[in-house]
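Quick one: the structure is below, and I'll ask about it shortly.
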Amino acid sequence: MRTRIVIGSRGSRLALIQAESVAVTIRKANPHLEVSISLIVTSGDRDRHTPLDRIGVGVFVKELEAALLEGRVDIAVHSLKDVPTDIPQGLCLLAVTERLDPRDVLVARSRLDDLAPGSTIGTDSLRRALQLAQYRPDLKVCSMRGNIDTRLRKVSAAEVHGIIVAAAAMMRLGWEDKITEYLPLEHFLPAVGQGALVVEARMDDADLAEILRPVNHLPSWQSVTAERAFLRAVGGGCRAPIAALGRVSSNTLKLEGMVADSAGGKMLRASEEGAAMSSLEMGARLAQKMLNMRASQLMTR
């Protein structure tokens, strides 16, 4: 009988809060288990200067996955938006936590519509930068890496006029009072999986599926499954900015997707709706719809 579980996590404050939230759920459902957290430094943590759209995919998860495959940890907790659609052989995603608010938020001295022309907004996301340019082309965007507290200090020091970050990150850090504005989904569609945490494990670790059952939130699982199916089918291995959001209500799933070209010249959006239990098929359908709208031409620019 298993008596211990080691959770692999990045070492940032946010990552530790996320890992501990999963640990708490596991302990409540399995009081006999000793649950600990092992800190692992990823290549994304070591390189805090290269823009994320250039640094490559999986930079915040590869070392955690290596630790899983080598048996140094039993499970890994990731921000789902950091996890590529291709999972290494021998690993699987076992649970998705209940998703927090998936929206992007602005932290600034005034609301987005009230910022003066030429104001500078910091972000580490090309997706956010292009959607901002569509909504307020008169603003300037600067690439900004680093932990959220580092970025917040740059706003306080007036190095930038504002930053755009994930609402869920601010909520988990207890910093909701610092949010100036929740950005509207009709203009700022989030990254695939944004707001949800995912637990990754080895496929041959048979008893973990039952242990992690209380962690999994079915509507969130269905939503992000559709989003990731869309990302894979539309060609998410490229560096093009792609966004998607699935929302489940009364067993019905509505899925919205966005694809833009990296130069910001054009942006496509579309949606699909259907049974939540058919989330994989819906993601593929939305991808095909957008490919028929010539989304692939945007991604090759």
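Regarding G274, is this residue closer than 29 Å to S9 by Cα, surrounded by 15 or more Cβ atoms within 10 Å (Cβ to Cβ), in contact with a helix residue (DSSP H, G or I) (Cβ under 7 Å, 6 or more places away or on another chain) and among the small types (G, A, S)?
It is false that G274 is closer than 29 Å to S9 by Cα, surrounded by 15 or more Cβ atoms within 10 Å (Cβ to Cβ), in contact with a helix residue (DSSP H, G or I) (Cβ under 7 Å, 6 or more places away or on another chain) and among the small types (G, A, S).
Yes/no matrix, rows are residues, columns are (1) among the small types (G, A, S); (2) in a loop (DSSP other than H, G, I, E, B); (3) more than 20 Å from A191 (Cβ to Cβ); (4) without any contact (Cβ under 8 Å) to a residue 60 or more places away in the chain:
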residue: V259; (1), (2), (3), (4): no, no, no, yes
residue: S262; (1), (2), (3), (4): yes, yes, no, no
residue: S278; (1), (2), (3), (4): yes, no, yes, yes
residue: G283; (1), (2), (3), (4): yes, no, no, yes
residue: A287; (1), (2), (3), (4): yes, no, no, yes
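Hey, can you tell me all the residues within region 181-191 that are in contact with a helix residue (DSSP H, G or I) (Cβ under 8 Å, 6 or more places away or on another chain) and either free of Cβ contacts under 8 Å to residues at least 40 places away in the same chain or surrounded by fewer than 20 Cβ atoms within 10 Å (Cβ to Cβ) (or both)?
E181, Y182, H187
Go through region 208-258 and give me each residue that's under 23 Å from D86 (Cβ atoms) and in contact with an Asp or Glu (Cβ under 6 Å, 6 or more places away or on another chain).
Matches in region 208-258: S220, R239, A244, L245, G246, L255.
Which is among the polar types (S, T, N, Q) and over 30 Å from L93 (Cα atoms), of S125, S119?
Selected residue: S119, the only one of S125, S119 that is among the polar types (S, T, N, Q) and over 30 Å from L93 (Cα atoms).
From the residues in region 136-178 that are touching a residue at least 60 places away in the same chain (Cβ under 8 Å) and surrounded by fewer than 16 Cβ atoms within 10 Å (Cβ to Cβ), which one is farthest from V59 (Cα to Cα)?
Taking the candidates together, the pick is K178.
Name the residue, out of A133, A201, A169, that is touching a Cys at 6+ places or on another chain (Cβ under 9 Å) and among the aliphatic types (A, V, I, L, M).
Exactly one residue qualifies, and that residue is A201.
Every read-out reported here was derived from the displayed coordinates using simple, explicitly stated rules and does not represent laboratory data. Predicted model only: the values in this text are computed from it and were never measured. A quick note on method: Cβ atoms are made from the backbone with ideal geometry, for glycine too, and the neighbour counts reach across all protein chains shown.
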